[in-house]
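The values are calculated or read from the model by the stated rules, or taken from the named source; none is laboratory data. The structure displayed is predicted, hence computed values, not measured ones. Heads up, the Cβs are rebuilt from the backbone with ideal geometry, glycines too, and the neighbour counts pull from every protein chain shown.
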Amino acid sequence: MSQDATQADAAFAPLLKEYGFREMEQATYTRSDRVMKVKAARFADASGAFGAFSFYKRPEMAAENIGDQGASSNGRVLFVRGNIVVDAVLDRVTAMSAAELRDLAASLPLPAGSARNLPPVLGYLPKQARRANTVRYFMGPVGLGDVSTPVSAEMVDFGKGAEVAMAQYATSAGSQADATLMVISYPTPQIAAERAKAMDAALHTTSQAENPARRVKRSGPLVALVSGQVSNSDAKSLLDQVNYDADITWNQNTFFSKRDNLGNLLVGVILLVAILMGFALVAGLLFGGFRVLMKRLFPDSLFDRSKDVEIISLKLGDWR
């Protein structure tokens, strides 16, 4: 096991570090006359692992159902599982080899929490007309500088928290005129708006021959660009499929304590009413008992003074 990125790939060690390389391990397995060499690299999270996987995967590779995503070509099988990328080289590929690699992928541990999630920006790349094995993911200027893009890494400005997803798409002109769709995700719509304005201005200062990008579009915190020898209608069709969907979650405490439980509130109201009724009954009994006692102790003195409380009658009928 080694934590040196140069041991994993001396030519692209800076790129592996940018993707969050942590460690690598390699081993050789033999069975009878069969040999398989396996190299596994662990990254900080699934985003970095997918970025490295997308870098090593080639368009001519065939898709394989191994791990989270897999691809193979001429005895080489490449797959990603969580935050681990595995590169296996076999002397010959058989059905048993694929089954063994699936078992290996299933045995690899997954990272905890959000580290196992793929970058959300990948979900904004349209699937329609997308060329196989052309999806790329970039976390920094090293990776982006390795490919041809309509805007530079400085223009993207990874220092503002940018993430980039890119893929090739077939156009109405045929296989000789593929379009490149570049989707850049920023932390906030405000940053995206500022970067989109700068990119649009930069693209309009260069000639079509120098920079064949056709359109720039912003949707929420996303900035999308189309480049290549592509018609305006094809460019617009691609960009129309890139739309940010805001997922708003309101996390509110439900308060499951006894104090905030609705059932306990109703029980409390019932008890309060019972106490008030009991208080009224006791008060009535006390007042009535007090009157009875006073009448016995002081008859015709406090409550039964009939002479003092007689009703005065005016006898108005006698005036008729």
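Here are a few things to note about the model shown:
- Condition broken by Ala192, with the remaining ones in (1) assigned to a loop (DSSP other than H, G, I, E, B); (2) surrounded by 14 or more Cβ atoms within 10 Å (Cβ to Cβ) satisfied: (1)
- Identity of the residue in the stretch 20-47, among the acidic types (Asp, Glu) and out of contact with any Ser or Thr (no Cβ under 7 Å at 6 or more places or on another chain), that ends up nearest to Gly123 (Cα to Cα): Asp45
- The combined condition, being farther than 22 Å from Val242 by Cβ and not acidic (Asp, Glu), is not fulfilled by Ser148.
- Residue match in the stretch 242-258 (condition: hydroxyl-bearing (Ser, Thr, Tyr), out of contact with any helix residue (DSSP H, G or I) (no Cβ under 6 Å at 6 or more places or on another chain) and either closer than 30 Å to Leu203 by Cβ or at pLDDT 90 or above (or both)): yes
- Of all residues in the stretch 1-57 being in a strand (DSSP E or B) and among the small types (Gly, Ala, Ser), the one that is farthest from Leu108 (Cα to Cα): Ser2
- Output for the stretch 25-41, where each listed residue is of a type outside the set (Val, Ile, Thr) and surrounded by fewer than 22 Cβ atoms within 10 Å (Cβ to Cβ): Glu25, Gln26, Ala27, Tyr29, Arg31, Ser32, Asp33, Arg34, Met36, Lys37, Lys39, Ala40
- Residues of the stretch 73-90 satisfying the condition of being in contact with an Asp or Glu (Cβ under 8 Å, 6 or more places away or on another chain) and modelled with pLDDT under 90: Ser73, Gly75
- A single member of Gly140, Gly145, Gly159, Gly174 is modelled with pLDDT under 90, more than 23 Å from Met61 (Cβ to Cβ) and of a type outside the set (Val, Ile, Thr), and it is Gly145.
- Residues that are under 19 Å from the mean Cα position of the chain (by Cα) and not small (Gly, Ala, Ser), drawn from the stretch 167-189: Val183, Ile184, Tyr186, Pro187, Thr188, Pro189
- Entirely in the stretch 87-165, the helices (runs of 4 or more DSSP H) that have 3 or more residues that are in the same structural domain as Ile184 (by TED's automatic domain parsing) and surrounded by 14 or more Cβ atoms within 10 Å (Cβ to Cβ): 141-144, 153-156
- Scope the stretch 115-143; condition touching a residue at least 12 places away in the same chain (Cβ under 8 Å) and under 13 Å from the mean Cα position of the chain (by Cα); matching residues: Ala115, Arg116, Asn117, Leu118, Pro119, Pro120, Val121, Leu122, Tyr124
- The stretch 69-80: number of residues that are of a type in the set (D, E, K, R) and touching a helix residue (DSSP H, G or I) at 6+ places or on another chain (Cβ under 8 Å): 0
- Subset of the stretch 91-113 (residues that are hydroxyl-bearing (Ser, Thr, Tyr) and at pLDDT 90 or above): Ser107
- All conditions but one from (1) over 16 Å from Arg42 (Cα atoms); (2) outside any loop (DSSP other than H, G, I, E, B); (3) at pLDDT 90 or above apply to Ile66; the one that does not is (2).
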